[in-house]
Amino acid sequence: MHIGFLTNCFHHRNLPEIIEWAGANGFPSLELACWPRAKNAVDPSLDVANFTGRDADALYALAQKHNVAFTCLTYCPNTLAHNPAEREAQLNQLYRILDAAKALDVTIVSTFIGRDETKTQQENFDEMVKVFAPLLDYAGARNVRIAIENCPMPGWQFEGLPGNLAYAPALWDEMFARLPHPNFGLNLDPSHLVWLGVNYYDIVPKYAARIFHTHAKDTVIYADKRAYNSILNSGWNTWWQYRLPGKGEIDWKRWAQVLRANGYDGVLSIEHEDPEYEHTEELVKEGLLLGKQNLSAAIA
């Protein structure tokens with residue numbers, strides 16, 4: 001098991017600079033953000049819209065030079081967006097990411113299911129099949145697995161509605177029953193399950209074969225605020241907050257042990273969303289190194 005991070009926390013750095021910093025600071029892997037980039041922007045995302053075989057070779061060589069591997073390409077839009085143009089644009093980006101993954105010899109792409117807010121939950125599962133069945137076939141032909149990140153995205157479309165269908169184990173069961181493809185799984189992030197009240201340790205055995213990648217992010221619960229709130233008004237900055245590993249409720253040593261016991265020996269990829277370490281680039285770096293320190297102790 002090893003430690004990496006998702007690159008999108010470096011808001012004003014390009015990938016070569018991030019790769020160099022990661023290698024110099026002992027991170028053996030990176031999860032590459034792949035959001036659409038503004039033209040000529042300095043951006044931590046991989047520019048898949050203009051990605052060529054030559055680009056792939058150069059990026060791969062740079063990563064090797066700095067002893068860094070790529071574990072996953074990540075883009076988390078609302079793939080079930082109600083607006084047809086929005087949905088089409090986001091799916092086109094995902095197909096380009098799958099091509100880029102093949103070019104880089106990366107075998108995992110992470111995304112969201114999302115939600116069409118005008119449809120019921122069951123109707124959204126119907127839409128999921130329409131969208132993801134061809135996507136999974138396309139990925140499979142490229143030896144790529146699709147890992148769904150389990151963030152609920154509360155209030156993404158409107159207040160009170162979970163914006164990403166794939167946020168709880170019961171919903172994962174429906175996902176995998178509808179799409180039993182062997183290359184369909186999870187980018188499992190326990191931080192969301194903390195405030196949702198799911199026993200994230202005990203679910204691992206059931207979904208072990210579907211855990212393709214993991215996010216390392218913690219959640220702190222503010223007991224005084226919790227007393228006045230419920231899970232139904234669960235937006236950020238109410239009674240819980242995402243933190244770096246080791247700054248919240250998760251026992252990372254136990255989490256690593258449970259993952260290992262169930263066959264997972266991949267990356268713990270830090271998804272840096274800690275508000276105390278994000279206002280400057282130096283704070284971002286400090287936060288990543290703190291997360292790495294805490295995770296290193298947990299997996300030792």
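Against the condition closer than 23 Å to G155 by Cα, surrounded by 16 or more Cβ atoms within 10 Å (Cβ to Cβ) and at pLDDT 95 or above, how does Y242 come out, does it pass?
Values: closer than 23 Å to G155 by Cα: yes; surrounded by 16 or more Cβ atoms within 10 Å (Cβ to Cβ): yes; at pLDDT 95 or above: yes.
Answer is yes for this residue.
Kindly provide the set of residues from segment 44-58 that are in a helix (DSSP H, G or I) and closer than 24 Å to E271 by Cβ, ordered by number. Let's see the steps before the verdict.
First pass over segment 44-58, keeping only residues in a helix (DSSP H, G or I): 48-50, 53-58.
Scanning segment 44-58 gives V48, A49.
Look at segment 218-276 and say how many of its residues are among the small types (G, A, S) and in contact with a His (Cβ under 8 Å, 6 or more places away or on another chain). Quick ask: steps written out before the conclusion?
Narrowing segment 218-276 to residues among the small types (G, A, S): 223, 227, 230, 234-235, 246, 248, 256, 261, 263, 266, 269.
With the extra rule that they be in contact with a His (Cβ under 8 Å, 6 or more places away or on another chain), the set shrinks to 266, 269.
Counting residues in segment 218-276 that are among the small types (G, A, S) and in contact with a His (Cβ under 8 Å, 6 or more places away or on another chain) gives 2.
In the set E20, E123, which member is among the acidic types (D, E) and closer than 24 Å to F184 by Cα? Steps first, please.
Details: E20 fails: closer than 24 Å to F184 by Cα.
None of the other options fit; the residue is E123.
For the condition under 16 Å from the mean Cα position of the chain (by Cα) and not basic (K, R), what is the one hit in I203, I250, I221, I211?
Numbers: I203 fails: under 16 Å from the mean Cα position of the chain (by Cα); I250 fails: under 16 Å from the mean Cα position of the chain (by Cα); I221 fails: under 16 Å from the mean Cα position of the chain (by Cα).
Of I203, I250, I221, I211, the one residue that is under 16 Å from the mean Cα position of the chain (by Cα) and not basic (K, R) is I211.
List, please: which pairs have Cβ atoms under 6 Å, are six or more places apart or on different chains, and start with a residue in segment 116-133 that is at negative phi and surrounded by 13 or more Cβ atoms within 10 Å (Cβ to Cβ) and end with one that is at pLDDT below 95 and not β-branched (V, I, T)?
Qualifying pairs under 6 Å: E117/Q157.
Could you grab the pairs with beta carbons closer than 8 Å, sequence gap of 6+ or different chains, first residue in segment 223-234 and within 24 Å of G163 (Cα to Cα), second one at pLDDT 85 or above and among the aromatic types (F, W, Y)?
K225/W239; R226/W239; R226/W240; Y228/W239; N229/W239; I231/W195; S234/W195; S234/W240
Each row is one residue, and each column tells you yes or no for (1) in contact (Cβ under 8 Å) with a residue 12 or more places away in the chain; (2) touching a helix residue (DSSP H, G or I) at 6+ places or on another chain (Cβ under 8 Å); (3) among the β-branched types (V, I, T); (4) closer than 22 Å to A139 by Cα.
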| residue | (1), (2), (3), (4) |
| --- | --- |
| I19 | yes, yes, yes, no |
| A24 | yes, no, no, no |
| E31 | yes, yes, no, yes |
| C34 | yes, yes, no, yes |
| A58 | no, no, no, no |
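Which of the numbered conditions does A85 fail, given that it passes all the others? Conditions: (1) within 20 Å of P154 (Cα to Cα); (2) over 21 Å from the mean Cα position of the chain (by Cα).
If we test A85 against (1) within 20 Å of P154 (Cα to Cα); (2) over 21 Å from the mean Cα position of the chain (by Cα), just (1) comes out false.
Do we find that V106 is within 17 Å of R178 (Cβ to Cβ) and either in a helix (DSSP H, G or I) or of a type in the set (V, I, T) (or both) in this structure? Steps first, please.
On the way: within 17 Å of R178 (Cβ to Cβ): no; either in a helix (DSSP H, G or I) or of a type in the set (V, I, T) (or both): yes.
No: the conditions fail for V106.
Going by the structure shown, is F5 assigned to a loop (DSSP other than H, G, I, E, B) and of a type in the set (A, V, I, L, M, F, W, C)? Please lay out each step first, then the result.
Details: assigned to a loop (DSSP other than H, G, I, E, B): no; of a type in the set (A, V, I, L, M, F, W, C): yes.
In short, no.
Restricting attention to segment 269-292, which residues are touching a residue at least 40 places away in the same chain (Cβ under 8 Å) and either part of a helix (DSSP H, G or I) or within 14 Å of G26 (Cβ to Cβ) (or both)?
I270, E281, V284, K285, G287, L288, L289, L290, G291, K292
Using beta carbons and a limit of 7 Å, which pairs, at least six apart or on different chains, have the first residue in segment 42-53 and on the phi > 0 side of the Ramachandran plot and crowded, with 20+ Cβ neighbours inside 10 Å and the second one part of a loop (DSSP other than H, G, I, E, B) and of a type in the set (S, T, Y)?
none
For segment 179-190, does any single residue satisfy the condition of being among the charged types (D, E, K, R), modelled with pLDDT of 95 or more and farther than 19 Å from T79 by Cβ?
So the first thing to find is which residues in segment 179-190 are among the charged types (D, E, K, R), and the list is 189.
Remaining after also requiring modelled with pLDDT of 95 or more: 189.
From what is left, the residues that are farther than 19 Å from T79 by Cβ are none.
No, segment 179-190 contains no residue that is among the charged types (D, E, K, R), modelled with pLDDT of 95 or more and farther than 19 Å from T79 by Cβ.
Quick grid of which residues meet (1) aliphatic (A, V, I, L, M); (2) touching a strand residue (DSSP E or B) at 6+ places or on another chain (Cβ under 7 Å):
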{"site": "W240", "(1), (2)": "no, yes"}
{"site": "P245", "(1), (2)": "no, yes"}
{"site": "V258", "(1), (2)": "yes, no"}
{"site": "E281", "(1), (2)": "no, no"}
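Regarding segment 188-207, can at least one residue be identified that is in a helix (DSSP H, G or I), among the basic types (K, R) and surrounded by fewer than 22 Cβ atoms within 10 Å (Cβ to Cβ)?
Start the filter on segment 188-207 by keeping residues that are in a helix (DSSP H, G or I), which leaves 190-196, 204-207.
Next cut, among the basic types (K, R) only: 206.
Still in the running and surrounded by fewer than 22 Cβ atoms within 10 Å (Cβ to Cβ): 206.
Yes, because at least one residue in segment 188-207 is in a helix (DSSP H, G or I), among the basic types (K, R) and surrounded by fewer than 22 Cβ atoms within 10 Å (Cβ to Cβ).
Where residues in segment 64-77 are surrounded by fewer than 22 Cβ atoms within 10 Å (Cβ to Cβ) and in contact with a helix residue (DSSP H, G or I) (Cβ under 9 Å, 6 or more places away or on another chain), which of them is nearest to N92 (Cα to Cα)?
Result: P77.
The values are calculated or read from the model by the stated rules, or taken from the named source; none is laboratory data. Predicted model only: the values in this text are computed from it and were never measured. So basically every Cβ, Gly included, is an ideal-geometry build from the backbone, and we count neighbours across all protein chains shown.
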